[in-house]
1. With a 10 Å radius around each residue's Cβ, average the other Cβ atoms per peptide and rank 12-25, 93-106, 44-57, highest first.
2. Which distance in nm do the two modelled labels at residue 117 and residue 92 give, with both placed 7 Å along the Cα-to-Cβ direction?
3. For n ≥ 4 DSSP H runs only, could you compute -39500 (n - 2.57) per run for the chain, divide by its residues and tell me the 222 nm figure to the nearest 500?
4. For the chain, report the translational diffusion coefficient in µm²/s to the nearest whole number, using Stokes-Einstein at 4 °C, 1.567 mPa s, and a Kirkwood Rh over Cα pairs.
5. Near residue 37, within a Cβ-to-Cβ distance under 13 Å, what is the net charge of the other residues, with Lys and Arg +1 and Asp and Glu -1?
6. Run the numbers for residue 59 and residue 83: contour at 0.36 nm per residue of separation, minus the present Cα-Cα distance, in nm.
Amino acid sequence: MKNKRIGSMAKRFAKHQIEPLKAAFAASSHLTRKTKMELATATGLDVEQIASWFNRKRARTRARDALAKLEAAHVRLQQELELSRVNEAELQREIQESRSREAEMEEENRLLKQRVAIAEGDRQLVSLMRFLNG
């Protein structure tokens, strides 16, 4: 029994027709003339229907493979993004620590400059006192 198209919708193949097609596809995704003829005999489908089924099956397989690759790439990119966020947070913490150390060093520098100024003033005072007592 051959399936005929009704309007633009094709009838689904029967299970006893699909199983030999799937088995042949598992063996090879491309048909030889011999395989087409054997499948036509085994399924009761015509050669064009069999070729069309194989074309659709290859297209679905390519689409499924492409989707799997995209999903794997998406997962990998999500992992890389998370790692980048962790690295960014670490770098931000390091920047904050550096700014804090810089502020501490600037304060220490300011205090040292004050001490130097005081020491310079003391040295000038001692020189002046020597001069005056002199």
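Every read-out reported here was derived from the displayed coordinates using simple, explicitly stated rules and does not represent laboratory data. This structure is a prediction, so every number in the text was calculated from the model and none was measured. Note that we place each Cβ from the backbone using ideal geometry, even for glycine, and neighbour counts take in every protein chain shown.
1. Those peptides, ordered most packed to least, come out 44-57, 12-25, 93-106.
2. With each label point 7 Å from Cα toward Cβ, the separation is 3.9 nm.
3. -30500 deg cm²/dmol
4. Values: Rh = 23.1 Å.
It comes out at roughly 56 µm²/s.
5. Numbers: positive: 33, 34, 36; negative: 38, 46, 48.
Cβ neighbours under 13 Å give a net charge of 0.
6. Numbers: separation 24, 0.36 × 24 = 8.64 nm, distance 3.59 nm.
Gain in length upon complete extension: 5.1 nm.
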